Amino acid sequence: SAIANVKINLKSLDNQEYKENIKNEYLKLKKESSRLKAEIIELAN
């Protein structure tokens, strides 16, 4: 998935501040996608 690709590519970034910002955004998106997945599963049941 695209979100996993972001995590993989973080290792190649040199700018630590930018890297930290991207990592934080990645973690927020991952958390939100998990929440939405759980909500969809709940609605489907």
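All of the numbers you see were taken from the coordinates with simple rules; none came from a lab. Owing to the predicted nature of the structure, the values given are computational and were not obtained by experimental measurement. Don't worry about glycine lacking a Cβ; one is built from the backbone with ideal geometry, like all the others, and counts go over all protein chains shown.
Computed from point charges on the beta carbon alone (+1 for Lys and Arg, -1 for Asp and Glu), the dipole magnitude for the chain about its Cα centre is near 140 Debye.
Annotation for ASN15 and SER33: the two label points, set 7 Å from Cα along the Cα-Cβ direction, are 2.3 nm apart.
When all alpha carbon pairs of segment 2-44 are counted in 10 Å bins from zero, the resulting P(r) reads 27, 42, 20, 9, 1 %.
Of all aspartates and glutamates in the structure, those lying under 16 Å Cα to Cα from LYS23, and not within fewer than 8 positions of it along the same chain, are ASP14, GLU32. Listed by chain and number, the aspartates and glutamates whose alpha-carbon sits under 13 Å from that of LYS28, ignoring those within fewer than 8 places in the same chain, are GLU20. Across the options ILE8, LEU43, SER33, the greatest Cα extent toward the positive end of the charge dipole of the chain (unit charges at beta carbon of Lys, Arg, Asp, Glu) belongs to ILE8. Within segment 1-33, the trypsin sites (Lys or Arg not before Pro) that combine a DSSP coil assignment with at most 11 other C-beta atoms in a 10 angstrom radius are LYS11.
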